[in-house]
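The values are calculated or read from the model by the stated rules, or taken from the named source; none is laboratory data. Keep in mind it's a predicted model, so treat the numbers as computed, not measured. Quick reminder, even Gly has a Cβ in these numbers, built from the backbone with ideal geometry, and neighbours come from all protein chains shown. Accessible surface is based on the protein model in full, side chains and every heavy atom, while ligands, DNA and RNA are left aside. Shrake-Rupley method; radii C 1.70, N 1.55, O 1.52, S 1.80 Å.
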Amino acid sequence: MTAQLTSSTGVPRAQQGRLLVVEDEPAILDTVSRFLLFLGYDVRTAATASDALATARSFLPELILLDVMLPDADGFEVMRRLRQDGLPLAVVFLTARDSRKDLIRGLTEGGDDYVTKPFGLDELAARVTAVLRRTRQRERSDPMLRVADLELDTLTYIVRRAGVPLDLAPTEFRLLRYLMLHHGRVVPRAQLLEHVWSYDFNGDDTVVATYISYLRRKMDPLGPPLIHTQRGVGYSLREPRC
Ligand code: CA
C-alpha cells in the first residue's frame, strides 16, 4: 500500500509513526490499514509471516499489529525472529476471541499489548497510541518514570507518591519499576517472576502477590489504588479512572 507523505492533519506520516499491519483476513487487513492511514500513520501491510518478516526488515516499523494465526507461521514466531534481528519494535497482537492462552503467551513472550477480535477501531487506535507513547518514552531514557502522581527515579532510587517519599525495599523497587515501565497493560505473574526475581517459570509465584501487597500498603494511603489485579493473569499499574 502506498502512503501519502503527509496526513490530513499536516503531520508528516513518518513522524506520526511507522506501522506494519499483519493479518491474513483481507477484510480486517483492509479496514485496519485504511483507518490507520486516515489517522496519519505511515502504514505497510502483510498477509503472511514470511511477507511480514521481509517487510519489517526493510520498512523498520516502530510498531507491528500482529495477527496470532497466520497461514505459514504464528505471530509469536514472527515476533521472536524480528527480536532476534534486534529490531526494537513494539508488538500489539490481534488475538481471536476467547483465546486466553494466546493472550498470556503473547504478553509473556514480550508483546506490548493485544486486542481481541472483533475489536473497535477506536480501541485499536487507543492501544496503538498508548504503546507508541510508552516505547518512545522508554527510548528517551529519561531517568524519571511517572504514572499518575507516582514518580520513580531510576538513577537515585527515590520514589514519591503525591510528593511523599516511599521507603521501598530493593525487590519492591524493582517490581514497581517494572510495572511502571509497562504501565497500562496487564503484566503476567510469570513475566514478573522472570524479570523481577529472575526465576524461571517454575518459580513459586505466590511471592509476587506478597510483594504486590507490600507495595499497595505503602502506596494506597496516599491516593486511589494504582495497582490492579487481573484475576488468573497478573497485575497492571494504571492511572485511576475518573
Ligand atoms: Ca488469522
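Looking only at residues in the range 94-119 that are within 13 Å of the ligand (Cβ to nearest atom) and buried (at least 19 other Cβ atoms within 10 Å of the Cβ), the one that is modelled with the lowest pLDDT is Asp102. Those helices (runs of 4 or more DSSP H) of the range 147-235 in which at least 2 residues are closer than 30 Å to Arg100 by Cα and among the hydroxyl-bearing types (Ser, Thr, Tyr), considering only elements entirely within it, cover 170-181, 206-219. Of Val78, Val43, Val91, all but one fail to be assigned to a helix (DSSP H, G or I) and open to solvent by less than 20 Å² (accessible area, probe 1.4 Å); the exception is Val78. The set of residues in the range 170-183 being buried (at least 18 other Cβ atoms within 10 Å of the Cβ) and either within 9 Å of the chain's Cα centre (by Cα) or modelled with pLDDT under 85 (or both) consists of His182, His183.
Taking the criterion of being in contact with a Leu (Cβ under 6 Å, 6 or more places away or on another chain) and within 14 Å of the ligand (Cβ to nearest atom), the residues of the range 18-35 that qualify are Val21, Val22, Glu23, Asp24. Exactly one residue out of Ala49, Ala90 is of a type outside the set (Asp, Glu), away from the ligand (no atom under 11 Å from the Cβ) and either at pLDDT below 90 or touching a helix residue (DSSP H, G or I) at 6+ places or on another chain (Cβ under 6 Å) (or both): that is Ala90.
Taking the criterion of being in a helix (DSSP H, G or I) and not charged (D, E, K, R), the residues of the range 46-75 that qualify are Ala49, Ser50, Ala52, Leu53, Ala54, Thr55, Ala56, Ser58, Phe59, Gly75.
Within the span defined as the range 194-214, one or more residues are at pLDDT 90 or above and in contact with a strand residue (DSSP E or B) (Cβ under 7 Å, 6 or more places away or on another chain).
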